[in-house]
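One structure is given here, and the rest of the page talks about it.
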Amino acid sequence: MSSKPTFWLRCEKKEFERRSALTPTTAKKLIDAGFEIFVEKDEQRIFDDSEFEAVGCKLVENNSWPSAPTDVPIIGLKELPVSKEPLPHTHIQFAHCYKQQGGWSEVLARFHNGKGTLYDLEFLNDANGRRVAAFGFHAGFAGAAAGALALSARRQGKPLGLLSPYANETAMVNAVKEGLGGSGKGVKALVIGALGRCGRGAVDLFRKIGLDEDDILKWDLAETAKGGPFPEILDVDIFVNCIYLSSKIPHFITRETAIAAGKSRQLSVVVDVSCDTTNPYNPIPIYNINTTFDKPTVAVDVGPENPPLDVISIDHLPTLLPREASEQFSSDLLPSLLTFPNRSSERVWVEAEKLFKEKLGEAAKAEGLA
Ligand SMILES: NC(=O)c1ccc[n+]([C@@H]2O[C@H](COP(=O)([O-])OP(=O)(O)OC[C@H]3O[C@@H](n4cnc5c(N)ncnc54)[C@H](O)[C@@H]3O)[C@@H](O)[C@H]2O)c1
């Protein structure tokens, strides 16, 4: 192995996950900055292996990272398959094990036992405490698209069927426009949390499918300060919720307000991108399950005499746009990756490692390893 700084992009094993933590674009930028990049061949990934090879990455076998030299950092996106195998490497990924999620201490015990290190992508923050890289924009974008598709399905008298990932953003925009008869002009939408990552993505989709600017209502904290429920929600076709919920707030809409609007209600689809489904403070208490790509909507019981009302509450929306979502995430992550060789003194990595050590200690106790 060379003495250059190195990353090893591993394959993803999580079902349906087509996104990637490094893309050919960001891999090239790392190579230009003097890095060596190994890429595991992966049919699941939205990018072809040859796209990585073309920019100078070295292709290696699928799932071969366990035999990589232990000083080579392994980068991936989602959780590793469940196992008890000790982890001696440094891993950069989402591990979903810092909030006591199911299996959290077993995952961390693997690092304890292998003396490896985890830098969790969810906890890489800038100096203001904001995530350096997050998938919000494309969650909002894809959520708004799913909402528009659900509206067009309802106009044809049925609920929305299977959703599958799109090759790229243009393909998604074209499919939505086609579903709406060529353009979204005339459709009215309200986005709450419009100034955030997800909210900006939702607004962008609505613009790209042809809604008039005046028909895209953009609300954030100032507009909801008066307190819900908001009758304005009932007067649009699609309502997209993109807020970051941090405390108890009045409901935005309730089943009762939807029923009271009667037959003249315009609202057809609610897309809850925020997906605080089981949170007791969920401001949209009209549904209680997360929906899925194969059954994207859940119907609200508004009575047979009233027009249907569908909710979309898919909690992994960026998967519908794997290429652009990966590009955006990876380019936001790149400045931090470029500093990784100095991780013992670079704030973003120092803080992430400190958090890892804290969580490792808690897990070691929970697992009786301390
Ligand atoms: N469904 C998915 O696939 C998916 C993917 C990514 C993120 N998310 C979720 O989406 C949510 C938003 O994430 P983000 O990255 O866009 O957050 P963000 O912090 O970038 O934006 C949140 C926005 O909501 C606004 N807001 C907060 N409370 C509000 C209120 N009461 N009224 C009006 N506006 C309010 C904030 O001012 C901010 O502009 C999070 O809960 C996140 O977990 C879901």
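The values are calculated or read from the model by the stated rules, or taken from the named source; none is laboratory data. Nothing here was measured: the structure is a model prediction, and the numbers come from that model. No Cβ is skipped: glycine too gets one built from the backbone with ideal geometry, and neighbour counts run over all protein chains shown.
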Which listed residue, of 85, 122, is assigned by TED's automatic domain parsing to the domain that holds residue 347 and either within 14 Å of the ligand (Cβ to nearest atom) or crowded, with 21+ Cβ neighbours inside 10 Å (or both) | 122
Those residues of segment 25-37 which are buried (at least 22 other Cβ atoms within 10 Å of the Cβ) and either out of contact with any helix residue (DSSP H, G or I) (no Cβ under 6 Å at 6 or more places or on another chain) or within 14 Å of residue 326 (Cβ to Cβ) (or both), in sequence order = 26, 27, 30
With respect to residue 55, determine if the residue is touching a residue at least 24 places away in the same chain (Cβ under 8 Å), within 24 Å of the chain's Cα centre (by Cα) and assigned by TED's automatic domain parsing to the domain that holds residue 349.
-> no
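Taking the condition within 30 Å of residue 167 (Cα to Cα) and part of a helix (DSSP H, G or I), does residue 294 pass?
Working: within 30 Å of residue 167 (Cα to Cα): yes; part of a helix (DSSP H, G or I): no.
No.
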Answer yes or no: is there a residue in segment 206-215 that is surrounded by 20 or more Cβ atoms within 10 Å (Cβ to Cβ) and away from the ligand (no atom under 16 Å from the Cβ).
-> yes
Find all pairs meeting these conditions: Cβ atoms under 7 angstrom apart; at least six residues apart or on different chains; first residue within segment 219-237 and more than 10 Å from the ligand (Cβ to nearest atom); second residue in a helix (DSSP H, G or I).
-> 229/257; 234/257; 234/258; 237/151
Residue tally, condition away from the ligand (no atom under 12 Å from the Cβ), hydrophobic (A, V, I, L, M, F, W, C) and touching a helix residue (DSSP H, G or I) at 6+ places or on another chain (Cβ under 8 Å), over segment 146-162 = 4
Only residues that are β-branched (Val, Ile, Thr) and out of contact with any Ser or Thr (no Cβ under 8 Å at 6 or more places or on another chain): list them for segment 195-232, please.
-> 203, 216, 224
In the list 204, 220, which residue meets the criterion of being under 22 Å from the mean Cα position of the chain (by Cα), closer than 25 Å to residue 250 by Cα and among the acidic types (Asp, Glu)?
-> 220
Scanning segment 135-145 for residues that are in contact with a Leu (Cβ under 9 Å, 6 or more places away or on another chain) and closer than 19 Å to residue 326 by Cβ, which turns out farthest from the ligand (Cβ to nearest atom)?
-> 145
Go through segment 246-282 and count every residue that is in contact with a helix residue (DSSP H, G or I) (Cβ under 7 Å, 6 or more places away or on another chain), within 11 Å of the ligand (Cβ to nearest atom) and either in a helix (DSSP H, G or I) or over 19 Å from residue 194 (Cα atoms) (or both).
-> 0
Report, ordered by the first and then the second residue, all pairs with beta carbons closer than 8 Å, sequence separation of six or more or different chains, a first member in segment 303-326 that is in the same structural domain as residue 234 (by TED's automatic domain parsing) and more than 30 Å from residue 17 (Cβ to Cβ), and a second member that is more than 16 Å from the ligand (Cβ to nearest atom) and of a type in the set (S, T, N, Q).
-> 307/268; 308/268; 309/268
Can you spot a residue in segment 209-217 that is under 20 Å from residue 286 (Cβ atoms) and in the same structural domain as residue 151 (by TED's automatic domain parsing)?
-> yes
